[in-house]
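The values are calculated or read from the model by the stated rules, or taken from the named source; none is laboratory data. These figures come from a predicted structure and were not determined experimentally. Glycine gets a Cβ as well: all are built from the backbone with ideal geometry, and neighbour counts include every protein chain shown. To get the accessible areas, we keep the full protein, side chains included, count just its heavy atoms, and leave off ligands, DNA and RNA. Shrake-Rupley method; radii C 1.70, N 1.55, O 1.52, S 1.80 Å.
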Amino acid sequence: MLRKHFKRKESFLNKDIQVLKAVFIRELSFKTILIVIFYRFLNYRIGFLKINNFNISDKSLDLLDSVGVFHLSHHRYAIENPYNTMLLADKVTKKYVLSIYNNNLFKNFVEKIDQENINSKNIEILLYDCFYSKVLEYIELIEFRKYCIKNKIFSKINIVSLDSNLLVGLDEQCEVDCKLQKLFLVINYLIFFVKYSYKIIVYFIFNKWVNTLGCIKNNIQKERRYTVNKFDEYAIAYFPHKGIFYGEHFVKDQYYSESKESPLNSSNILHLTIGETLDSKTLKYFNQNKIPHTDFESLTKYNYCIYYQVMSFVLKSILNYRLAYKEFHELLIFAGLYFSVLLNFKRLNRLKGLSIVLIGYDVLFPKAVSYCCKQMGVKTIATQERFIHPWVPGMSMIIDDYYVHGDTVSKQIDNNQLYNVNNLISIGPIRLDLIYKHIQDICREKEYLFNNDEKYIAFVSDYHSSKTKYGNGRSLGNNWRNNLIFYKAILKIAKKYAEIKFVIKGKNHEFLNIEYFKEIVTELNSQNNIEIIKDYEYWTPEKIAAVCDFSIALHTSLGDEILAMRKPVIFFDYYGIPSTFYDYDGYPVIAKNIEQIEHKIDMIVSNEFMTDDQFKMLAKKFYSSSCHGKVRQTLTKHLQETCSELL
């Protein structure tokens with residue numbers, strides 16, 4: 001009956017607005033399935049933001065849609081400036097962390113993980129990292145609700161919250177239904193105690209030979225347990241993040257030394273994944289170069305004593321403190337964070353020779369791991385991936401040595417309370433050398449790309465498009481709708497400037513095979529002065545960046561690298577990125593619409609975009625004047641000095 005009633009996925013949106021009511025939930029999971037059934041029985045439509053723990057096929061998503069359970073998709077519902085949600089989430093999260101900072105539950109938690117009480121800033125960062133993503137998701141629900149009410153899609157929308165009131169001070173902006181919070185709080189505690197009790201019982205039955213009492217009496221053990229294992233010999237570990245390759249673009253080998261005797265030679269560094277399945281390309285690379293590797297999570301096989309410690313922490317907190325209703329929610333969050341810290345201490349204890357941890361993706365490195373490294377005296381080292389990250393809400397870091405783009409970044413990090421960095425070293429974009437080495441090939445490569453009447457090459461750097469409807473809907477900025485706007489703009493501009501070759505290349509070219517882009521792909525291919533790069537092996541990003549005269553880009557790290565080469569870049573900022581976070585101090589690199597892009601192209605062609613002195617000042621201010629081919633050499637020198645001090 002339901003399928004027949006909602007035959008097409010958009011059909012319920014065309015019903016009479018007076019009879020349409022909806023409930024929005026943060027995630028669709030086994031816990032929330034009863035809510036879905038209950039409200040569908042009352043003839044509410046159910047909007048969900050995400051699906052927990054698994055991806056969903058397009059067919060399954062359409063099936064749910066047809067019975068009134070629909071995805072709150074950023075593709076379907078065009079929230080005005082979606083990146084404002086991140087700013088608001090940042091504000092709310094900081095307010096929430098501050099509200100719990102001085103209660104007894106928090107103080108007890110701090111005593112458990114930081115007995116010396118010297119890392120209050122690190123603990124703030126841990127808490128912020130725990131809360132921010134969930135707060136952001138609730139604010140997304142609020143924004144979707146505003147959009148649907150404004151566009152008269154539904155007559156009434158409630159947001160059902162199963163979590164504690166994370167939206168401090170935002171109640172007046174939405175109708176939050178909290179009736180089910182207490183029921184699900186009880187269910188969450190039952191699940192917690194059943195899960196942890198089961199683990200402890202299994203431990204006692206099957207592992208009697210372990211000194212359990214000795215294990216559970218100890219709190220966090222910062223000293224090393226010198227158990228012999230095959231990874232004890234490694235003084236340096238490297239977390240590359242999702243394999244050693246970044247797509248088809250480059251190898252994340254910035255830390256390596258070519259000298260076989262150097263501790264920074266790849267064969268002398270233990271490479272660690274975190275629950276990731278390595279692709280065949282990475283495995284082949286590891287085997288060819290005799291690179292040792294393992295999964296960080298596999299270092300701890302038996303951790304049942306940790307379950308006991310966490311369960312004891314929860315029970316003692318309930319018995320010793322008069323917890324308010326809100327604090328019962330917070331206690332489960334503290335318990336999860338306590339478990340993560342204990343577990344990562346245990347894993348690091350397995351690497352008795354470890355002195356240095358190299359980080360592949362700075363802001364995405366787990367904060368609990370970097371916190372444990374800090375507590376155990378293991379030096380953490382990272383290079384900056386993206387210029388704009390220190391301005392972006394939700395980004396945080398606990399790092400010892402951080403090699404950044406330039407002084408502007410350093411100043412922003414110094415003013416950012418969510419970055420705890422001991423040493424900031426400005427060296428420039430770490431992969432700028434890859435562009436520099438292609439400079440000599442410019443003439444030959446330009447001849448390959450040019451048609452008869454073309455005089456300039458514009459590198460068009462796009463965003464990738466998800467292959468699935470669900471992934472597309474969860475994309476805040478780079479969803480199909482926004483990407484289509486970009487391609488249409490490029491097509492319109494290309495028709496006006498026949499003397500310019502527009503070369504389109506991004507992370508991949510999956511959009512060519514997505515039905516939604518079929519029409520625009522045909523038009524792009526038929527335009528003589530547009531080239532869509534498909535040969536990623538030959539046309540690397542660095543080669544095109546070296547060859548191009550200027551770039552029109554959605555905001556990417558490659559755009560910053562081209563700017564560092566003192567070439568004009570136009571960031572097409574039609575939905576709030578990067579200007580929501582940073583406007584490049586007024587330099588003329590941001591365009592809000594097609595007219596502004598065309599104006600800047602006219603200035604580039606007439607050599608009036610920026611003077612040489614302005615380019616030099618920009619390159620110095622943002623990128624440490626690093627267009628010299630020696631960024632990697634500078635990093636290697638610093639790393640060798642660090643190794644000499646510690647190893």
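If R0 is taken as 45 Å, the Cβ-Cβ distance between TYR147 and GLU261 corresponds to a FRET efficiency of 0.15.
Projecting the Cα atoms of PHE609, THR642, TYR623 onto the charge dipole of the stretch 600-647, computed from C-beta unit charges around the Cα centre, puts THR642 farthest toward the positive end. Once backbone amide H atoms are built at 1.01 Å from N, ILE530 has PHE502 as its partners under 5 Å, excluding neighbours fewer than 5 places away on the same chain. With 5 Å bins beginning at zero, the pair-distance distribution over Cα atoms of the stretch 485-533 amounts to 4, 21, 34, 28, 10, 3, 0 %. Packing around the peptides 321-330, 430-439, 559-568, taken as the average count of other Cβ atoms within 10 Å per residue, puts them in this order, highest first: 559-568, 430-439, 321-330.
With all protein chains kept in place, the per residue accessible area of the stretch 34-104 amounts to 48 square angstrom at a probe of 1.4 angstrom.
Shown for the stretch 499-647 is the translational diffusion coefficient from the Stokes-Einstein equation, using the Kirkwood radius over Cα pairs, a temperature of 10 °C and a viscosity of 1.306 mPa s: 90 µm²/s.
Packing around the peptides 382-392, 615-625, taken as the average count of other Cβ atoms within 10 Å per residue, puts them in this order, highest first: 382-392, 615-625. Assuming a ≥ b ≥ c are the square roots of the Cα gyration tensor eigenvalues, decide whether the stretch 247-302 counts as rounded (a/c under 1.5), prolate (otherwise, with a/b larger than b/c) or oblate. Oblate.
The modelled label-to-label distance between ASP612 and ARG481, using points 7 Å beyond Cα along the C-beta direction, is 4.8 nm. Per atom type, the chain shows carbon and sulfur on 52% of its accessible surface, probed at 1.4 Å. Summarising the label geometry, the points placed 7 Å from Cα in the beta-carbon direction at GLU233 and ILE318 lie 4.9 nm from one another. Normalised per residue, the accessible area of the stretch 295-428 is 32 Å², obtained with a 1.4 Å probe and no contribution from ligands, DNA or RNA.
The GluC sites (Glu not before Pro) of the stretch 229-274 meeting both criteria, a DSSP state outside H, G, I, E and B (loop) and at most 10 other C-beta atoms within 10 angstrom of the site's C-beta, are GLU258, GLU261. When only the Cβ of Lys, Arg, Asp and Glu is charged (+1, +1, -1, -1), the dipole of the stretch 310-438 relative to its Cα centre reaches about 520 debye. Maximal additional length on extending the ASN415-GLU80 stretch stands at 117.7 nm, based on 0.36 nm per residue less the C-alpha distance. Annotation: lysines with alpha-carbon distance below 20 angstrom to LYS534 (same-chain offsets under eight excluded): LYS281, LYS446, LYS467, LYS488, LYS501, LYS505, LYS507, LYS518, LYS543.
Based on protein heavy atoms only, the stretch 539-616 ends up with 33 Å² per residue of surface accessible to a 1.4 Å probe.
The spread of Cα positions in the chain, taken along each principal axis and listed from longest to shortest, comes to 79, 74, 42 Å.
Beta bridges per DSSP, both residues in the chain: antiparallel share near 5 percent.
Packing, as the average of other Cβ atoms within 10 Å across residues, places the peptides 280-287, 75-82 in the order 75-82, 280-287, highest first. Converting phi to 3J(HN,Hα) with the Karplus coefficients 6.51, -1.76 and 1.60 and the offset θ = phi - 60°, the stretch 256-266 yields 6, 10, 6, 5, 5, 7, 6, x, 9, 5, 4 Hz in sequence order, with x at every glycine or proline.
A straight chain from VAL251 to HIS464 at 0.36 nm per residue would run longer than the Cα-Cα distance by 74.8 nm.
Net length available on complete extension from LYS281 to VAL110 is 57.3 nm, with 0.36 nm assigned per residue and the Cα-Cα distance removed. Helices in the chain, meaning DSSP H runs of at least 4 residues, each add -39500 (n - 2.57). Divided by all residues, the mean residue ellipticity at 222 nm is -13500 deg cm²/dmol. Only the Cβ atoms of Lys and Arg (+1) and of Asp and Glu (-1) were treated as charged; on that basis the dipole of the chain about its Cα centre amounts to roughly 2600 debye. Taking a ≥ b ≥ c as the square roots of the Cα gyration tensor eigenvalues, the stretch 25-140 comes out prolate, since a/c reaches at least 1.5 and a/b is larger than b/c.
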